[in-house]
Amino acid sequence: MAKKETAPETITVKLVRSLSNRPDAQVAVVHSLGLRKIGDVSVQPDNAATRGKIFKVSHLVETN
């Protein structure tokens with residue numbers, strides 16, 4: 001029986017709050033997620049590292 005390929009799990013992240021007056025560490029995390037401006041959307045792999053980044057800036061982003 002052939003193995004069925006599964007698509008890698010992903011998380012969609014959208015920046016919904018401004019980065020102004022945020023600590024440098026939070027800005028760096030948001031940039032590492034591929035987000036620059038309000039409304040930017042990025043698709044990231046669903047793994048522990050990505051979930052940790054989202055947890056650190058959960059007040060700035062939305063996920064699907």
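What follows is calculated from the coordinates using simple rules that are stated; it is not laboratory data. No experiment lies behind these values; they were computed from the predicted model shown. Don't worry about glycine lacking a Cβ; one is built from the backbone with ideal geometry, like all the others, and counts go over all protein chains shown.
Please compute the net charge surrounding residue 30, taking Lys and Arg as +1 and Asp and Glu as -1 over other residues with Cβ under 13 Å from its Cβ.
On the way: positive: 14, 17, 22, 36, 37, 53, 56; negative: 24, 40, 62.
Summing Lys and Arg as +1 and Asp and Glu as -1 gives +4.
When Kirkwood radius over Cα pairs in Å is computed from the coordinates, the matching label among (i) 12.5; (ii) 13.7; (iii) 14.5 is (i). Lysine pair count for the chain (Cα-Cα distance under 21 Å; residues 8 or more apart in sequence or on different chains): 5. Converting phi to 3J(HN,Hα) with the Karplus coefficients 6.51, -1.76 and 1.60 and the offset θ = phi - 60°, segment 54-64 yields 5, 4, 5, 10, 4, 7, 10, 10, 10, 10, 10 Hz in sequence order, with x at every glycine or proline.
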